[in-house]
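**Q** Encoded as structure tokens, here's the structure I'll be asking about.
Computed from the coordinates by the stated procedures, all read-outs in this text should not be read as laboratory data. Only a predicted model underlies this, so the values are computations on that prediction, with no experimental measurement involved. Glycine gets a Cβ as well: all are built from the backbone with ideal geometry, and neighbour counts include every protein chain shown.
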Amino acid sequence: MREAAAARARRAEAIVRGLGAFYPDVRIELDYGTEFELLVAVVLSAQCTDRRVNLITPALFARYRTVQDYAQLKPSALYPFVRSCGLYRNKAKAIVGAARAIVEHHRGVVPTRRTELRALPGIGAKSAGVITLHLAGGEPAFPVDTHVARLARRMGLSKQKVPDKIERDLQKLLPPTQWGIGHQLLVRHGRRICKARSPGCEGCPVRELCPRVGVKP
């Protein structure tokens, strides 16, 4: 039986409430101190675990403290710090390029608008969404990474496969005030319980709200 849009929206809100009660301390798992450090950590986290990023950024952030510091570097100066993150050459180039663009076009201040963030080297739609969520004055966003995409389909909240389209579906279901927390909760749940190969449905706090699309009995 096809689910009406209003019913799906109520179920989506109930899922967020249930996950919120289960993960009351949910937050971004990247460690950072400044807005540009947030951007750096997000760039480094692509195809890398937050745990690994948090292991290498203390030394990096102690050596280079401001966006101006990064803007004056050659990407190769970052290699010794970021080598273990994977794709480190591309990431170093993106970090330096973003720093230079911020200094040149934004007076050294990380922009809060998602469109402006996406215009920076190495910052895609998902990264821009994550960054703007955690900036003072940032825009509401529901960034879609692999965890959010998987759970959105599995929970019957979207049939789309393209991240931008999945995000639009989720934004239609939830009010803007719940986009940020909804993103974080789905990421946490995807990492802890609703995993790709072996979803732990028996331990899921919202299993009664989930149709388990694509999950084998």
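**Q** If you go through segment 24-77 one residue at a time, how many are in a helix (DSSP H, G or I), within 19 Å of HIS183 (Cα to Cα) and acidic (Asp, Glu)?
**A** 1
**Q** Among the residues of segment 90-125, write down those that are under 18 Å from TYR32 (Cα atoms) and either of a type in the set (D, E, K, R) or surrounded by fewer than 16 Cβ atoms within 10 Å (Cβ to Cβ) (or both).
**A** Correct list: LYS91, GLY108, VAL109.
**Q** Another question about this same structure. For segment 126-140, give me the residue count where each residue is in a loop (DSSP other than H, G, I, E, B) and buried (at least 22 other Cβ atoms within 10 Å of the Cβ). Quick ask: steps written out before the conclusion?
**A** Let us first name the residues in segment 126-140 that are in a loop (DSSP other than H, G, I, E, B), namely 134-140.
The next check asks that each one be buried (at least 22 other Cβ atoms within 10 Å of the Cβ); those that pass are none.
Result for segment 126-140: 0.
**Q** Next question, about the same structure. Could you list, in sequence order, the residues of segment 182-193 that are within 17 Å of the chain's Cα centre (by Cα), buried (at least 18 other Cβ atoms within 10 Å of the Cβ) and not small (Gly, Ala, Ser)? So that I can check it myself, show each step before the final result.
**A** Residues of segment 182-193 that are within 17 Å of the chain's Cα centre (by Cα), as a first pass: 182-192.
The next check asks that each one be buried (at least 18 other Cβ atoms within 10 Å of the Cβ); those that pass are 182-190.
Within segment 182-193, HIS183, GLN184, LEU185, LEU186, VAL187, ARG188, HIS189 qualify.
**Q** Consider GLY200 against the criteria (1) touching a residue at least 60 places away in the same chain (Cβ under 8 Å); (2) small (Gly, Ala, Ser); (3) out of contact with any Ser or Thr (no Cβ under 9 Å at 6 or more places or on another chain): it satisfies all of them except one. Which criterion is unmet?
**A** Failed condition: (1).
**Q** Which condition from (1) under 22 Å from the mean Cα position of the chain (by Cα); (2) surrounded by 16 or more Cβ atoms within 10 Å (Cβ to Cβ); (3) assigned to a helix (DSSP H, G or I) is the one that ARG11 breaks?
**A** (1)
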